[in-house]
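Colleague: There's a structure below that I have some questions on.
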Amino acid sequence: MGAAGYGYAPMFQVEPGWYWEQRRLPAKDERTLRLRGSRSGRLAGPLPSLGELLRLPPTTRVTWGIELGRRFRDELRAADRAGTEVASWQLDEILAEAARSQGYRDLTRGVLRGLALGRPALGDRAQQGLVWWAHTAFALATRALTPELAAFWRILNRAALGLIGEEYPEFAGSPAVAARSQAAGQRALQHAGPVRRALARKYVAGLTPGYRLSPGLGGNTRGLPRAEVNRWRDQYVQMRAAAGVAGFAEFTFRFENSSPRVMQDVLRTLARVL
């Protein structure tokens with residue numbers, strides 16, 4: 001946590017991108033891995049394509065996921081060595097595909113493990129971070145437990161300092177009704193087994209300011225005046241706080257959501273409730 005009361009937590013994505021291309025470690029660190037008996041040299045190159053990964057055996061998918069998560073930790077280690085204070089990390093996100101596909105869960109499970117544990121041979125210690133959970137993946141919490149799902153929930157609980165459920169209420173009608181509807185993911189965790197109940201206690205309500213309108217994002221779809229938007233948001237946040245969330249997160253401070261006035265309105269609401 002910085003002197004001003006905030007911390008820097010870089011955000012990483014499971015989906016293909018720059019980190020999939022190759023491992024980027026200083027030569028000294030690669031030598032250290034070899035000297036300490038690491039067999040990860042075979043994982044230094046590009047990850048298989050996503051389609052190929054999903055066809056590989058589960059243990060192979062998890063192994064590549066771990067390597068990807070470790071590459072994210074490599075970035076944090078490099079920042080730390082350069083003098084940048086990094087408070088934690090963020091993972092964006094548990095995708096809707098994870099609710100439908102074991103392959104995505106295997107990959108995500110590996111990434112969470114790699115992020116949380118890093119490369120101990122290079123001095124990494126266990127570190128929890130903030131894991132975002134797509135609203136379209138909330139159904140995952142209601143699935144009957146299997147050994148594979150149990151392993152997924154265990155590593156998620158171990159890795160997550162906070163589990164940020166993305167909520168997209170439409171600013172219309174009763175805020176109380178909307179709050180109950182949007183809490184589906186939190187409620188499903190609360191009514192499940194002990195590991196998922198532990199995750200429910202870490203549940204953070206993730207919200208957008210509501211002015212950037214797009215299908216599925218909710219927000220001020222009725223074109224309410226600013227004062228009414230603020231009143232509706234205040235009541236919604238109060239209802240979610242009463243439901244026992246661990247906190248609130250705001251995202252999508254872009255486009256119409258990025259004006260200083262909108263940002264100030266949102267932060268005032270959170271300050272009043274928190």
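Colleague: Of the residues Arg125, Arg180, Arg105, which is within 30 Å of Arg39 (Cα to Cα), surrounded by fewer than 19 Cβ atoms within 10 Å (Cβ to Cβ) and not aliphatic (A, V, I, L, M)? Give the steps one after another, and end with the answer.
Modeller: Details: Arg180 fails: within 30 Å of Arg39 (Cα to Cα); Arg105 fails: surrounded by fewer than 19 Cβ atoms within 10 Å (Cβ to Cβ).
That would be Arg125, the only listed residue that is within 30 Å of Arg39 (Cα to Cα), surrounded by fewer than 19 Cβ atoms within 10 Å (Cβ to Cβ) and not aliphatic (A, V, I, L, M).
Colleague: Kindly indicate whether any position in the stretch 95-115 is closer than 16 Å to Trp132 by Cα, touching a residue at least 60 places away in the same chain (Cβ under 8 Å) and not in a helix (DSSP H, G or I).
Modeller: yes
Colleague: Specify the residue that is most open to solvent (accessible area, probe 1.4 Å); the eligible residues are those in the stretch 160-171 that are out of contact with any strand residue (DSSP E or B) (no Cβ under 6 Å at 6 or more places or on another chain) and without any contact (Cβ under 8 Å) to a residue 60 or more places away in the chain.
Modeller: Filtering the stretch 160-171 for residues that are out of contact with any strand residue (DSSP E or B) (no Cβ under 6 Å at 6 or more places or on another chain) and without any contact (Cβ under 8 Å) to a residue 60 or more places away in the chain, the one most open to solvent (accessible area, probe 1.4 Å) comes out as Glu170.
Colleague: Now, a different point. I'd like to check something: does the stretch 134-151 contain any residue that is touching a Ser or Thr at 6+ places or on another chain (Cβ under 6 Å) and either part of a loop (DSSP other than H, G, I, E, B) or in contact (Cβ under 8 Å) with a residue 12 or more places away in the chain (or both)?
Modeller: Checked against the condition, which is being touching a Ser or Thr at 6+ places or on another chain (Cβ under 6 Å) and either part of a loop (DSSP other than H, G, I, E, B) or in contact (Cβ under 8 Å) with a residue 12 or more places away in the chain (or both), the stretch 134-151 yields no hits at all.
Colleague: Right, Gly244: out of contact with any strand residue (DSSP E or B) (no Cβ under 9 Å at 6 or more places or on another chain), closer than 26 Å to Ala160 by Cβ and part of a loop (DSSP other than H, G, I, E, B) or not? If you could, list the steps in order and put the result at the bottom.
Modeller: On the way: out of contact with any strand residue (DSSP E or B) (no Cβ under 9 Å at 6 or more places or on another chain): no; closer than 26 Å to Ala160 by Cβ: yes; part of a loop (DSSP other than H, G, I, E, B): yes.
It is false that Gly244 is out of contact with any strand residue (DSSP E or B) (no Cβ under 9 Å at 6 or more places or on another chain), closer than 26 Å to Ala160 by Cβ and part of a loop (DSSP other than H, G, I, E, B).
Colleague: Output the number of residues of the stretch 78-89 satisfying the condition of being surrounded by fewer than 20 Cβ atoms within 10 Å (Cβ to Cβ) and closer than 20 Å to Arg158 by Cβ.
Modeller: 3
Colleague: I've got another one for you. In the stretch 199-220, which residues are touching a residue at least 40 places away in the same chain (Cβ under 8 Å), under 18 Å from Ala246 (Cα atoms) and surrounded by 16 or more Cβ atoms within 10 Å (Cβ to Cβ)?
Modeller: Initially, the stretch 199-220 is screened for residues touching a residue at least 40 places away in the same chain (Cβ under 8 Å), giving 199, 201-213, 216-220.
Pick out the ones that are also under 18 Å from Ala246 (Cα atoms) and you get 199, 201-208.
Scanning the stretch 199-220 gives Leu199, Lys202, Tyr203, Val204, Ala205, Gly206, Leu207, Thr208.
Colleague: I've got another one for you. Report yes if some residue within the stretch 33-40 is on the phi > 0 side of the Ramachandran plot, modelled with pLDDT under 95 and open to solvent by 30 Å² or more (accessible area, probe 1.4 Å); otherwise report no.
Modeller: Checked the stretch 33-40: at least one residue is on the phi > 0 side of the Ramachandran plot, modelled with pLDDT under 95 and open to solvent by 30 Å² or more (accessible area, probe 1.4 Å).
Colleague: Output yes when any residue across the stretch 56-63 is under 22 Å from Pro10 (Cβ atoms), of a type outside the set (Asp, Glu), in contact with a helix residue (DSSP H, G or I) (Cβ under 7 Å, 6 or more places away or on another chain) and open to solvent by 30 Å² or more (accessible area, probe 1.4 Å), and no when none is.
Modeller: no
Colleague: Let me ask something else about it. Go through the stretch 154-169 and give me each residue that's assigned to a strand (DSSP E or B) and either of a type in the set (D, E, K, R) or within 16 Å of His135 (Cα to Cα) (or both).
Modeller: Gly162, Leu163, Ile164, Gly165, Glu166, listed by residue number.
Colleague: Hey, another quick one. Residues in the stretch 170-213 that are small (Gly, Ala, Ser), assigned to a loop (DSSP other than H, G, I, E, B) and either touching an Asp or Glu at 6+ places or on another chain (Cβ under 7 Å) or farther than 19 Å from Trp132 by Cβ (or both): how many?
Modeller: The qualifying residues number 5.
Colleague: Give the residue that is farthest from Leu213 (Cα to Cα), with candidates limited to residues of the stretch 140-179 that are out of contact with any helix residue (DSSP H, G or I) (no Cβ under 8 Å at 6 or more places or on another chain) and of a type outside the set (A, V, I, L, M, F, W, C).
Modeller: Result: Pro147.
Colleague: Filtering the stretch 253-274 down to residues that are touching a helix residue (DSSP H, G or I) at 6+ places or on another chain (Cβ under 9 Å) and not in a helix (DSSP H, G or I), which residue is surrounded by the fewest Cβ atoms within 10 Å (Cβ to Cβ)?
Modeller: Only one residue tops the list, namely Leu274.
The values are calculated or read from the model by the stated rules, or taken from the named source; none is laboratory data. Small disclaimer: the values here were computed from a predicted structure and weren't measured. Positions of Cβ are backbone-derived with ideal geometry, glycine not excepted, and every protein chain shown enters the neighbour counts. The protein model used for the area step is the full one, side chains on, heavy atoms only, and it has no ligands, DNA or RNA in it. Shrake-Rupley method; radii C 1.70, N 1.55, O 1.52, S 1.80 Å.
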